[in-house]
Structure formats: C-alpha cells, structure tokens
1. When you check Asp146 against the structure, is it free of Cβ contacts under 8 Å to residues at least 12 places away in the same chain and exposed (fewer than 15 other Cβ atoms within 10 Å of the Cβ), yes or no?
2. Can you tell which of Leu274, Leu263 is at pLDDT below 70, exposed (fewer than 11 other Cβ atoms within 10 Å of the Cβ) and more than 21 Å from Asp146 (Cβ to Cβ)?
3. Among the listed residues Pro81, Pro69, Pro87, which satisfies the condition of being farther than 19 Å from Ala27 by Cα, under 43 Å from the mean Cα position of the chain (by Cα) and either loosely packed, with under 15 Cβ neighbours inside 10 Å or of a type outside the set (Lys, Arg) (or both)?
4. Condition first: touching a residue at least 12 places away in the same chain (Cβ under 8 Å) and assigned to a strand (DSSP E or B). Now tell me which residues in region 223-236 satisfy that.
5. I'd like the residue in region 34-52 that is in a helix (DSSP H, G or I) and farther than 15 Å from Ile103 by Cβ and, out of all such residues, is farthest from the chain's Cα centre (by Cα).
6. For the list (1) at pLDDT 90 or above; (2) in a strand (DSSP E or B), I need the number of the one condition that Trp77 fails.
7. Within region 296-313, how many residues are surrounded by fewer than 16 Cβ atoms within 10 Å (Cβ to Cβ) and either of a type outside the set (Gly, Ala, Ser) or part of a loop (DSSP other than H, G, I, E, B) (or both)?
8. Search region 195-222 for residues that are assigned by TED's automatic domain parsing to the domain that holds Asp183 and farther than 28 Å from Asp183 by Cβ and pair each with any residue that is surrounded by 14 or more Cβ atoms within 10 Å (Cβ to Cβ) and of a type in the set (Val, Ile, Thr) when their beta-carbon atoms are under 6 Å apart and the residues are at least 6 apart or on different chains.
Amino acid sequence: MKIHVPDTAHFDALMVDWIDGQGRVCAVNALEARELAIKIADGESLPLERIYSSTSAQVLRGIARGDQPVRSGLPVWVNSPQYSEVPMIATVAADAARGIVVIKQPLPASVLGIGPELAERVEILSQMIGAATEACWCIEFLEPVDTSLAEDEIVERIFANQSRWRACNEAMARLYRVPDGTDFNMQPVSRYFPATEINRQMVRDLVRSNYRLDRAVAVDRRHDGTEMLVENDFRAAIKDGFLVRLWGTTRDIGAHREREQQLTDRADTMQDILSAAPDPILVVSEDGLLLAANPAAESVWGRTAEQVLGRPIQHFIETRQALDKLRQAVLSGEEGDGECELAVIAADGSRDVWRFRAARIEGEIRRYVLTARRKARRRARSLTEAAS
C-alpha cells in the first residue's frame, strides 16, 4: 500500500529524514539536523544507526530496500545527542526522488508499553553514563557472534563481524582524542580497537572467562593513530547463544605503567649500586628494625640478610641506645656531619667500633639509611718514638 504524504515543507514541527535504496540516511530537515546535531552534505549519507536504535534501523532498512511494505504509525527509537533513546511515532512513505521519507514526532513512553518508572530509569542511566568522568563504551554487533563456535573462530568474528559503537560517552571521546565536532559513535570500531595480537589475546581471555573480564590490558589507537595502553572492564549481552553486545569502561594506564617501569629501573640501578658498594649499608625502620642490608654488610659482619632482616638493630650493636644515637646523628646531620660511633657485634662474637653516617628517608613510613665505615685503630707508638 502506498501512503500519500503531503509536502514535507509543512512539517516544520516534525523531524523528517530521507532514506535511500541502500538503507542510508541521505537527507534530514532543519529540525532533525538541529535536534540530533547532525549534518549531511550534498552527495553524502549516514548509516541508519546514526539516528535510530539498531532494531528501528533494521526495520527501516528493510522498508527502504523493499523487503517490507511502507507503514504508518511505526514506533521507532531515535538516538539523542545526550546518549539516550527517545521513543517516537513515525509515518513512512515512498519518495520518488530519494527512496522513502520518515516523518516522526515524540511519543510518550506509555504509548509504547513502557511504564513511566522504567522510562525514568532509562533516562537516569543514560544521563549518568553521559556525565561520567570514566570512559564508558558499548560495541553492538550488527552481525551477532555465534558463541557455540570454536574459541579461535569466536575471537576472529568479534573483530571481523560488522559492529558499531553505541552510547559511548564524552569521556570516551576525550580519552581517544576525537576532534571536536566528530561523533565517536559514528567512527569504525576497528579505528580505535584494532585486531592486534595483544587485543586478540585479551578477547580470548574474555571468551575463556565467560564474557566477564576486569582489568584486561589492550593496546588501542587514538584518533590520530598513536598507540595507547589501556585497561578494560568487559561485560556482554548474549541472546539465544549469540553475542550481541559488549560494553564496559576503559582507562589509560600508559603513564602509570611508564612510572612503574621507571621505578623498577631505578630500583634495579640502586640495587646494583648498593651491591657494588664496598661499605656496609643498612636501612632501618623508625622503630629500629633492620629492613635491608647490602652484600658488604653481610660479608663484613658475617650474617646473611635472612638472619638479620626484621630484627632490631640493637641485637647486633653493643652500644646502648643505638637507635637514639642514630636519630641524633640524623638531626645533627642537617647542620653537621651526621655521624655517630657504634660498636658492632660480628657473627663470630668479635666487636669493632664503626662510624655510621645516618640519613632519613621521608615518606609514608619514615626510614633511615646507614652507611658504616670501620673506625681506624690507633697504632702503638714505636719504642724509638716513645724514647724520643
């Protein structure tokens, strides 16, 4: 049945778009362009999913291709710039020049059989996602993935099957440095989530974890093509054995991992330096427990690190109130040499006086670094020197 529609110029208060025979939006009226923040240049077109939900898009695509008859009173869901879906009632008619024309007006949720409370919850969730500071995303598979296939085939199809971004928020666009005025949701999924080996392994882990995975590391690409190390939390929607949707959150962990590597490199360097130092070096906690000792300390005093770590330093020092003396040395070190003399008891029971230089390490837990040098013993004067 062919539905006659008057000149659309009279529908200034209604949203109108035209869909060509390929099932793409080729034109919109001024109201729809303004309300949905879209613009179509002459000769260009947009996928239906830019304006409609996936279900509504499938129905309209079937009508545009002639697979289904034109209809009036068709309920559709329209994607708003605020990442929510607005229920509308549409009249679809044939247009000789541009395929079909779709004329819409907002429709109360109750008319579509959705209770006011449910509609309000959907609106609240949409607003929360849109305003979230963490990057939220959703990948919708226009070609659902059969989860009964072999693992490798599932992984391959997750990357190969036709899919699109849906309801990705502003934080997601900022994270991937999408230029102002460019809709992230209209970009190809593969542009930011390429089928690299590390990403394939992440998806393989997702499949093995029954499509629920947290803190999964991937290497994505920003809008300009530069790589970005990210961490994802994944959830999935599976209907009738087919994966139809993945969603979750993404965090840029590149700076964090770089900082971790820098700290690890610095720790390795310091360990090499301490291992090569000829003088004994100790690290002591605020309450006097030995936290670390370099190889020179083990060699000179005859005790391995396993034998002394975690024990009070006073157990190995004969001088009374050794910790107080070290603390005093730290305080005097701010104005003087910061040293004190302590008698150390070696593993064989021998005792020698050592000069300790103490320095404080500030942080959440205060610690002291001690560097020891054996105090030079006075040599007895020769008889000749005594007689002179």
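1. Criteria not met by Asp146.
2. Being at pLDDT below 70, exposed (fewer than 11 other Cβ atoms within 10 Å of the Cβ) and more than 21 Å from Asp146 (Cβ to Cβ) holds for just one of Leu274, Leu263, which is Leu263.
3. Pro87
4. Met228, Leu229, Val230, Glu231, Asn232, Asp233, Phe234, Arg235, Ala236
5. Once the filter is applied, the top-ranked residue is Arg34.
6. Of the numbered conditions (1) at pLDDT 90 or above; (2) in a strand (DSSP E or B), the odd one out for Trp77 is (1).
7. Adding up the residues that qualify gives 7.
8. Arg204/Val155; Val207/Ile154
The values are calculated or read from the model by the stated rules, or taken from the named source; none is laboratory data. Nothing here was measured: the structure is a model prediction, and the numbers come from that model. Backbone-built Cβ (ideal geometry, glycine too); neighbour counts: all protein chains shown.
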